[in-house]
Every structure is written in structure tokens, then in C-alpha cells.
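Okay, structure first, notes after.
The values are calculated or read from the model by the stated rules, or taken from the named source; none is laboratory data. Worth saying up front: this structure is predicted, and the values here are computed from it rather than measured. All Cβ positions, even for glycine, are placed from backbone atoms using ideal geometry, and neighbour counts span all protein chains on display. Note: areas computed on protein heavy atoms with side chains; ligands, DNA, RNA excluded. Shrake-Rupley method; radii C 1.70, N 1.55, O 1.52, S 1.80 Å.
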Amino acid sequence: SKYGKYKCTVKLLKNTLLESTMKRISILFAIVFFVSSQLQAQQFQQLLDNKTRDLLHEALSGELAKEHVIQITRHHRIQGSRGYRDAANYVLEQLRSFGFSESDAYIESFKSDGIVTYQTWQSPSGWDIESAELRMIEPYEERIVGYPEIAMSVITYSNAGDETAELVWVGAGTSDSDYAGKDVKDKFVLATGYGGNVHRLAVLKYGAKAVVCYLDDDRAAEYPDMLAYTGMWPRTEELDRVTFGFNLTNRQGEKLKNLLLSGQKVVVHGRVSGIGLESYFMDVVVAHIRGSEFPDEELVYSAHLDHPKESANDNASGSAAILDMARALNELIENGRLERPKRSLRFIWVPEYYGTMAYVDAHPEMVGPEYGGSFLANINMDMVGENQEIIHTQMYSTRTPSSIPSVLNDVVANMVEMVSNMDIRTPRGSLSKFNYAIVPYTGGSDHNMFIDRKIPGVMFGHTPDYTHHTSEDTPDKVDPVELERTEIIAAGTMLYLANLDEPQAIDLANLTAANSFYYLGEAARRANRLITTSSLSNILEAWLEALLILEHEAVWQQQSISSILYFNNEEMTRETIASLTANIDQLLNTFLRNLRISVESNGVSVSDYPKFSIDTRVPVRLTRGPLASGIPENRLDPADAAWYNSSDFTLTGNRRFELHNFINGTLNVTSIRSALSAEYGPVPIEVVTRYIEDLIKAGVVRWK
């Protein structure tokens, strides 16, 4: 009676009980969708209890986190550098001051010399410089830029050197055609390309002395005094031939270019003092809050600590956020205001990608349940503090890819909605309304390392950010309010999952199922559009692709619901999940029936669908962790590698990563192609087959 406007719907539901089984199910789910959407619009139901929510709001501090941002940004935190070690020691000192013991907070170090590899990842070289300067000598004398006052002005991993030479303009400087007809030997090169790519051609191939690069994109047009962060990233065989280079602003670069284009001779003097490349270490800071009942089951927070000074939002913000979370949670537990979580929480501050790979490689036990491990979730904090009033950006949380469906997605989304309903304010924070989005899986940070090990991982970040990887990424653009928002989301998510009891698990199962019905419904829409937009001659092929979309989506959603059992496996939880996953099957059958009707309404029988051969070969991985950039193409001969730069190669970075995730020693080539196509849209089997065969040539995969 409370919802009188739904009486007609309830009456309709009663009448449908007299109909056939399939029709009853179809209408029932339509009503469920309608009623649930109406009720959800009226009242949001948060997962986290109010007491814990309010406790987190009180204890977590975006203001303290911003103070950590300011301190971290004072260090030139290049991976494998002494400056990075200084920042790591700062984090460890703070953890000690928060009460973490030597056994619960420490640093693990990994050799970083440009030679040692961790799985397929070549470690960066160590690096340390003291000072640097670029000065114009002709046509008049002028100091252009210097280090350390502008840390990003030196291309990272530059060696020490002192050279005076003529400057030559080469455009982008990243392709051989840029050097055609130009004599750059023993000269400085001026270019707009990425520093390391320009150096690889100008210095290592064509014999230039050094490189000078400047930003020349849409951002540079609006912010002409911004300079970009670039690095040499030398390969092992290049280490002894690396010279040096400088990054300039667009205003500085255009001035030099115009002098050259006007016919004037430009001579520059460049100097870099210090060690340059060296054998050093990558440091990973680790902190633990041990679980009370299941200490071996862990949930992991990660944030990369590296990047040049200042690099505030990227990623001093994420590092500061998890540092403040470690403080607040440990303090609340020690003071008896918060029960110790049943499962353990681990915090790691890493050198992005390379250090995370070294750490995961050193800890083979760090795998998810699918691989027999007990690491249950990862939240990766990367660029979480943007001031939305200054940057005009949006906070986003990624979902896990389809290769690892997880209830983590549903919990995070609920916590995000919870925070959007909270009035979070700080004395120095913004007044902006929370602007956020839950987005499909995308890579670009350390959550990839966990996903590869079958640990469900999501990333919190912001996009767009015009300051990304530039000298404009400064602490004044970091918002304490936004830091606190993301901290509450991350802390609430992990605490909820760490302590999940049976009533909570049942509630969560219902929420996840409701979301799963939505995602399966969206998959049905996508499948139906394939049918309705196909020509009659291609409709049966479209039918096959539509089947893949729906059947894979149903399995992935069932796995999402079932993943709750990793956190609570009690009897009622199991029974609830069994019932809800069965409902997915019923809804799938309804959608499949409707699709079949859509196809056969064109006078075509689905029983006439074209038969195709199945490639039964099963690939097996030979490495752990995501593949390093450039594999397999950089391990192939030039003729085979050229395919990766052609229009025939259609796999984006996310698709390549996901394809590699589907290589699990069980799926055959055709099944991998089917899973990938269901997630991203039709992918030619020829592309998948050749890519896997190239992985075999590269030595990272074999046939089972």
C-alpha cells in the first residue's frame, strides 16, 4: 500500500502467473527492472553502516594528506634514483611516527641498473645528477634553463656531459624522414618529439651530441610556459652511449626554432654534472595492518611514489592518500574505536610498473584465488587529488576487465555513491560538487600488475588533466576535499570486504545481482543492435557474434556474484548466490529467445548459421605479470614487426592486455577470440591467431 502507484504493476504480475513459463519469466524480469529502477531513484541504500562511515569521515584527513603531497613533491622521484629513495624514506618515517613497527612497515629494495630484468620488464638504470644548464652562445648569449630549479628541464636518465655545438631543427625528430638531408652529427638537435625517442635517433643513430625538446601540442598553445616530462629510458645495449638532453617550454622552443628558420646560426652550450646513469635500487615501501581472523587473506592498496619534482597529483596525491589512510586506520584500531579488520590490509608505495613488477616477482604468493592465492582485492590510487574547480576534471573509478569479474566493482560503486551524498568540506578545500564516473576497465597504472595475477584490481584517478606529466602539476592544484573523498571510498570498500558477514553478504549478493541484470540487459541491447543493423546476407554472422556477447556476459555476471564467496562462504550466502546465478540463466534464455525471433523475422533460420573451424590449440604463458611494452614486436624480425604498425593490426593496448589475461592454459585460440570479441566487439580470428603465434616466437608463450 505504501507504493500505491505500483498497484497496476502488481496486478499485472499476478495475472502473468497463469501464462506460460517463458512468458512469465520475461514479464517478471521486465517488472523487476521497472520497480527496482523506480525504487533506486527514490532511495539510495549504502552498504557501509553509518557508524563506520562517520568514523572514517572524522579520522581521514584530506588536509593532512595534502601536507604529505607538499613534502613528497620536494623530491625528484625518478625511478631508481637517490631522489626517489629520499621520498621512500619520508614515507617510512611517517609510518614509524604513526606507530607502525619495524615488522609492519619497511622497505624492500630491488636492483635497478638497466640490465637486470623482472620477468619481461628491464629495470630502469639508476640515476643521479647534481646540476645542469642549457645556454645559448650565438647569435647572442642567454641562459635558457637550469637544474635543479626546474627539475623537469633535464631529460631523465641523461648522462653527465659538457658540450658546445650548433643547433639543428629536425621537426618531431622521431622518424628517419625527419633527418633526411640534415647533417646533425656532432650537433645539438631541436625537436618536438618525446625526448627518449628523439635521442634514440638523433644521438644513437645519426651521431648528434645531445637533444633539446619542447612541448608542441594543444596544451602548449594555451600554456606556452609549460614544459613536459620526458625520459631517455635507455635499453640495456644503449646504456654506454647515452648522452644528455633538455626539455623546454613551447615559448622557449619556438624562439629557438624561429631563429633557425630565419637563417641564423644558433650555437648552444649544454652541461649536466653528477653521476648520471649508475647501478642503484628501486625501493618499495610496505605497511601492514594484520587481520584478526584471516590474516593470510589480504586486500592491497597501491600507489606509485615516483615521478619528477613536482608531480603533485601524479602521483604524490595517491601516495599521500594511502599514507593518510594507513595513519587513520591504524590509529582508530589502536585506540579501540574501530575493530581490527578480520582480513589484513597491505599498503605499498612503488616505482610505477617497474618496481611493482619487481615486487610481485619477488612474492610469488601474491596471487588471487583463481591461482590458489589469498590476495582478494587491489585499489590503486593514481592521480586522486585534482582540484576540480581548477583542473575542470572528473574523478573516475575503473571496473575490473571481463577476464576477472568481481564484486569489488559493485562495492566501489556503492561507496562512490555514498560519498557523493556526504557533505565533505575542509578549510582549504574546494566547494565543488563531487563529479565522478564509474568507467569500464582501462589500464595505465599499477592495478594491471594485480589483475594479471588474478587479483581483482581497480584504479581511482582523474581525467582529463592538462597538467599531466608537465611542470604545471603542482601542489596548488591538489584539493584536500577530493583527497578525503577518495580516501573514504577506498577505506570504506576494503573495510567492508575485510569484515563481510553473512547478512552483509546476502545484501551484497542482491545488489550485485541487480547490477548484473542491468549489465546483461545492456549486453542484450548491444547484441540486438548487431542483428538489426546487419544486412540480410550477414545476419547469421551477426547472430553468432550476438550469441557470444550474451553468453559471455551471463558467465561474467554469474562469476561477479559468485566472487562474494571469497569473502563469505556461509550456508545462506551460498544458497542466495546459487539462486541469483540461476536467475541469470533464466534471463539469458529470455534474451536469446528474443534475439532468435529478431533474426528469424527476416525469413532466416538460425539453424542455418555458418559452420566455422575451431582452433583447438591452447596457449600457455611462460612469464608472470603483464608483458612489457613492445612485446612481441621488438623481439621479431623487422618484416614481422612491421605488421604492428599497419592498419591490419587492430588490438589496442587494453585489448592486448586482456588477450594476454585470457591465456590461462585452458582456453583455446578460438575461445580466446570469442571472449575478447564479446568484451570489445568482433576481433578477426586471424589477428588473434597471429598475435598469439608472435608471442610464441617472442618466447613468452608456448603451446600446451
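Among the residues of this structure, THR533 does not count as one that is open to solvent by 70 Å² or more (accessible area, probe 1.4 Å), farther than 26 Å from ALA513 by Cα and modelled with pLDDT of 95 or more.
Quick check: is even one residue across the stretch 658-671 open to solvent by 60 Å² or more (accessible area, probe 1.4 Å), under 19 Å from SER629 (Cα atoms) and in a helix (DSSP H, G or I)? Scanning the stretch 658-671, I find no residue that is open to solvent by 60 Å² or more (accessible area, probe 1.4 Å), under 19 Å from SER629 (Cα atoms) and in a helix (DSSP H, G or I), so the answer is no. Residues in the stretch 473-532 that are within 29 Å of ASN435 (Cβ to Cβ), out of contact with any Asp or Glu (no Cβ under 7 Å at 6 or more places or on another chain) and outside any helix (DSSP H, G or I): 1 in all. Just one residue in the set SER601, SER605, SER646 is hydroxyl-bearing (Ser, Thr, Tyr), open to solvent by 70 Å² or more (accessible area, probe 1.4 Å) and over 28 Å from ASN510 (Cα atoms); that residue is SER601.
Which of the residues belonging to the stretch 549-578 are more than 30 Å from the chain's Cα centre (by Cα) and either farther than 10 Å from ALA505 by Cβ or buried (at least 19 other Cβ atoms within 10 Å of the Cβ) (or both)? Selection gives GLU571, THR573, GLU575, THR576, ALA578.
Among the residues of the stretch 348-371, the one identified as surrounded by fewer than 24 Cβ atoms within 10 Å (Cβ to Cβ), farther than 15 Å from TYR118 by Cβ and in contact with a helix residue (DSSP H, G or I) (Cβ under 6 Å, 6 or more places away or on another chain) is PRO369.
Here the condition is being among the aromatic types (Phe, Trp, Tyr) and assigned to a strand (DSSP E or B); of TYR90, TYR106, TYR140, it holds for TYR106 alone.
Count of the stretch 205-227 residues, restricted to those that are out of contact with any strand residue (DSSP E or B) (no Cβ under 7 Å at 6 or more places or on another chain), charged (D, E, K, R) and closer than 14 Å to VAL184 by Cβ, is 1. Across the stretch 150-169, the number of residues qualifying as among the charged types (D, E, K, R) and more than 29 Å from ARG77 (Cα to Cα) comes to 1.
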